[in-house]
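To keep things clear, I will list the structure first and then write my remarks on it.
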Amino acid sequence: ASVGGTINFVCCSVQTEGDGESRGFAMSAGNGTTTIGVTTRRPVLSIRPKATFNSLTNRAHIEIIDFILSVQTNACFYELVVGGTLTGAAFASVATDSVVERDVSATAISGGMVLTSGYAAAGSGANQNVRQGEADIRNPLVLSQIDALTATQTPFTIVCTSLSGTSNIGVSLNWQEQTN
């Protein structure tokens with residue numbers, strides 16, 4: 001007997017550091033070379049799973065690894081928020097071979113759960129300060145919500161609030177995509 005259909009192969013990398021093991025594809029997104037001006041509380045970078053990947057329901061896990069904030073002017077308070085509602089978001093694919101889409105255009109966020117927060121100092125040139133943090137969260141952060149009777153995927157967002165004046169912020173986020 002013959003069985004028809006398409007077979008999709010998924011490749012992964014295995015890395016280990018002592019007792020921890022990460023599997024999947026390493027991916028990254030940021031706001032590029034143009035900083036985002038922040039005065040009041042504002043999302044600066046959000047990612048979420050695509051609804052479909054290669055024409056199939058996206059059931060991949062996204063494990064956040066770390067984030068980097070570069071604040072050129074005026075220090076800021078930052079928060080990592082999961083599940084917030086974004087105003088003015090325009091999500092676009094990170095890459096054709098990624099299960100994730102990103103947004104840097106949202107102007108406000110409400111709700112969601114703050115996973116961690118902190119402060120990033122400002123500076124430029126030789127005095128530039130870069131705040132880097134790890135997201136040591138024990139389970140995959142962002143899961144596809146296709147089976148949860150909702151068409152909206154859960155976003156993971158880096159939110160910043162200036163401590164004084166306008167903070168000009170560059171941000172990047174790194175994660176592993178686990179598709180199997």
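Taken together, the values in this text are just the output of simple stated rules run on the coordinates, not laboratory data. Computed from a predicted model, the values in this text were never measured in an experiment.
Here are the numbers:
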{"item": "Computed lengthening from Ala95 to Thr52, 0.36 nm per intervening residue step minus Cα-Cα distance", "result": "14.2 nm"}
{"item": "Additional length obtainable on full extension of the chain from Ser110 to Thr34, 0.36 nm per residue less Cα span", "result": "24.9 nm"}
